[in-house]
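The values are calculated or read from the model by the stated rules, or taken from the named source; none is laboratory data. Predicted model only: the values in this text are computed from it and were never measured. Heads up, the Cβs are rebuilt from the backbone with ideal geometry, glycines too, and the neighbour counts pull from every protein chain shown.
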Amino acid sequence: MGLLGEAGDYVMLMRQTFKRPDKGWVFRRQLFIDFYALGVDSIGIVSFISLFMGAIIAMQMAYNIDNPLVPLYLVGYTTKQMMVLELSPTIMSLILAGKVGSSIASEIGTKRVTEQIDALKVMGINPANYLILPKITAAMLYFPVLVVFSIAIGLSGGLLAVYITGSVTVTDFIDGLQAWWVPFDIYYSLIKSVVFAFIIASVAGFKGYTVDGGSVAVGRSSTQAVVASSILVIVFDLILTQMLLT
């Protein structure tokens, strides 16, 4: 019953969140602040992890393809498919769930325990709309950009790895990247990133908004936000894969 009650509270909060902002310029100002906080600040960690993921995949594939009958361009093809279909949208979202989700939950949770949300209500402002909607919008707009960036960096990392190790020629690797190109794979990746962005931002906003207690409760809600959003990302990854690829 507790889980059902929490789900109902989440739906009611989202109804309040997605009402039209009272002042458009305030929403736009907060949106640009959240663009930087949730998106630009994440470029560094996304680049670092994507570079090494692409390199590791390429090296592992080159190591395991020891049959002379198997063409070496499959190293590039497999690296591309793994980065585009799964690693960049899903693994990056799980990492951002920890970074972005905890940040959103702790920020809004702090406003709750310091009674800033109550002050907004007294002033006639919709706190859910003012605090959560810009973060959801910024995440849904910026996460696809980060995913495309992650794919590009990951493939570059794979190319760099095979060039340094000499396990596969650069020509074979690039041939694999170009082989059997399906544009829908990119659309699939972007669709997943938008759904995951909504899950992470909305769940983290809900956990922070419903904090009850002091600073300890804020830390606990931040942890719960990361755990809950990570679980939902994995569940919806399975659902979207079944819906879009089968």
Since Ala97 meets every condition but one in (1) buried (at least 21 other Cβ atoms within 10 Å of the Cβ); (2) more than 19 Å from the chain's Cα centre (by Cα), which condition does it not meet? (2)
Give the residues of segment 1-32 that are β-branched (Val, Ile, Thr) and within 13 Å of Leu133 (Cβ to Cβ), sorted by residue number. Thr17, Val26
Yes or no: segment 191-198 includes at least one residue that is on the phi < 0 side of the Ramachandran plot and touching a Ser or Thr at 6+ places or on another chain (Cβ under 6 Å). yes
How many residues, within segment 199-223, are buried (at least 19 other Cβ atoms within 10 Å of the Cβ) and either in a helix (DSSP H, G or I) or touching a Leu at 6+ places or on another chain (Cβ under 6 Å) (or both)? 14
Being among the polar types (S, T, N, Q) and within 27 Å of Tyr142 (Cα to Cα) is the filter here; which residues of segment 169-194 pass it? Gln178, Ser189, Ser193
Exactly one of Phe52, Phe48, Phe32 is hydrophobic (A, V, I, L, M, F, W, C), touching a Gly at 6+ places or on another chain (Cβ under 8 Å) and exposed (fewer than 15 other Cβ atoms within 10 Å of the Cβ), and that one is Phe52
Counting only residues that are buried (at least 16 other Cβ atoms within 10 Å of the Cβ), among the aromatic types (Phe, Trp, Tyr) and out of contact with any strand residue (DSSP E or B) (no Cβ under 8 Å at 6 or more places or on another chain), give me the helices (runs of 4 or more DSSP H) lying completely in segment 122-178 with at least 2 of them. 133-165
Among the residues of segment 41-69, write down those that are without any contact (Cβ under 8 Å) to a residue 24 or more places away in the chain, closer than 22 Å to Ser156 by Cβ and aliphatic (A, V, I, L, M). Met61, Ile65
Among the residues of segment 57-79, what is the count of those that are in contact with a helix residue (DSSP H, G or I) (Cβ under 9 Å, 6 or more places away or on another chain) and either modelled with pLDDT of 95 or more or of a type in the set (Phe, Trp, Tyr) (or both)? 2
By my count, helices (runs of 4 or more DSSP H) wholly in segment 1-114 with at least 3 residues that are on the phi < 0 side of the Ramachandran plot and hydroxyl-bearing (Ser, Thr, Tyr) are 43-64, 73-82, 102-113
Members of segment 21-40 that are without any contact (Cβ under 8 Å) to a residue 60 or more places away in the chain and charged (D, E, K, R): Lys23, Arg28, Arg29
